[in-house]
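Shown next, in structure tokens, is the structure this report addresses.
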Amino acid sequence: MSEPAAGIAEPRRDLRRAFSMFPSGVIGVCAVVDGKPTGMAASSFTSVSLEPPLVSICIDQKSTTWPVLTRAARLGISVLSSDHAELCRALSARDRDRFAGASWHASDHGALFLHGATLWLECSVSEAITAGDHFIVLLEVLETSLFPDLSPLIFHRSELRALGQGG
């Protein structure tokens, strides 16, 4: 097998490593679509605006889950807690039932929320913008539920960590 051309593979790997130095929370983006729980994990999530209430997520254009989620009227954003490392791995997997063993419930509008999360946001897609190899998706926040006694799960240096964990 031939080696990748210099200047293509290395900068991409180095940039991925550089991006991993910024710690972020991890979310589940989930809904019930065609009667089945559907969802994925994401670490590119941020608040955008209070008026109107907007958050954003970034989704790889190669995702096979995102096109299914776009069929849902509403999406559930669950900010994963420090106890959700295995669930996060499941939501990121391609070869297994992402919801096996997960405890969840759905809103009347089909947004799916993961029990034990630190925050639930019920959202609708406001706009999706193509940006490089990802979509930046703006979500309008319609409902919130906070669970402030739980600690968030953190993604840092390509590893899942509890807040305050060294490394």
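Among the conditions (1) modelled with pLDDT of 95 or more; (2) open to solvent by less than 50 Å² (accessible area, probe 1.4 Å); (3) more than 19 Å from LEU146 (Cβ to Cβ), the only one that LEU114 does not satisfy is (3). Which one is surrounded by the most Cβ atoms within 10 Å (Cβ to Cβ) among residues in region 117-143 that are in contact with an Asp or Glu (Cβ under 8 Å, 6 or more places away or on another chain) and of a type in the set (Gly, Ala, Ser)? It comes out as SER126. Pairs are defined by a Cβ separation below 7 Å, a sequence spacing of at least 6 or placement on different chains, a first member in region 130-152 that is on the phi < 0 side of the Ramachandran plot, and a second member that is open to solvent by 70 Å² or more (accessible area, probe 1.4 Å) and modelled with pLDDT under 95; the pairs so defined are SER151/LEU163; PRO152/LEU163. Return yes or no: is SER24 modelled with pLDDT of 95 or more and among the hydroxyl-bearing types (Ser, Thr, Tyr)? Answer is no for this residue.
The sole residue among THR130, THR144 that is out of contact with any Phe, Trp or Tyr (no Cβ under 9 Å at 6 or more places or on another chain) and β-branched (Val, Ile, Thr) is THR130. Given the criteria under 20 Å from ASP60 (Cβ atoms), in contact with a strand residue (DSSP E or B) (Cβ under 6 Å, 6 or more places away or on another chain), in contact (Cβ under 8 Å) with a residue 24 or more places away in the chain and among the polar types (S, T, N, Q), does SER158 qualify? No.
If only residues of region 92-111 that are among the aliphatic types (A, V, I, L, M) and surrounded by 11 or more Cβ atoms within 10 Å (Cβ to Cβ) are counted, the one that is farthest from ALA31 (Cα to Cα) is ALA93. Considering the conditions (1) open to solvent by 20 Å² or more (accessible area, probe 1.4 Å); (2) within 26 Å of HIS156 (Cα to Cα), ILE57 is excluded by exactly one of them, (1). Is one or more of the residues making up region 112-127 β-branched (Val, Ile, Thr) and part of a strand (DSSP E or B)? Scanning region 112-127 turns up at least one residue that is β-branched (Val, Ile, Thr) and part of a strand (DSSP E or B).
Scanning region 13-31 for any residue that is surrounded by fewer than 20 Cβ atoms within 10 Å (Cβ to Cβ) and in a strand (DSSP E or B) turns up at least one such residue.
Residues that are surrounded by 15 or more Cβ atoms within 10 Å (Cβ to Cβ), over 20 Å from ASP34 (Cβ atoms) and over 14 Å from the mean Cα position of the chain (by Cα) within region 63-85 comprise just one, SER82.
Of the strands (runs of 3 or more DSSP E) that lie entirely inside region 42-106, those containing 1 or more residues that are without any contact (Cβ under 8 Å) to a residue 24 or more places away in the chain span 45-49, 104-106.
The values are calculated or read from the model by the stated rules, or taken from the named source; none is laboratory data. Model, not experiment: these values are computed from the prediction. With ideal geometry, Cβ positions are generated from the backbone for all residues, glycine too; neighbour counts draw on all protein chains shown. Note: accessible area is taken over every heavy atom of the protein model, side chains too, but ligands, DNA and RNA are not part of it. Shrake-Rupley method; radii C 1.70, N 1.55, O 1.52, S 1.80 Å.
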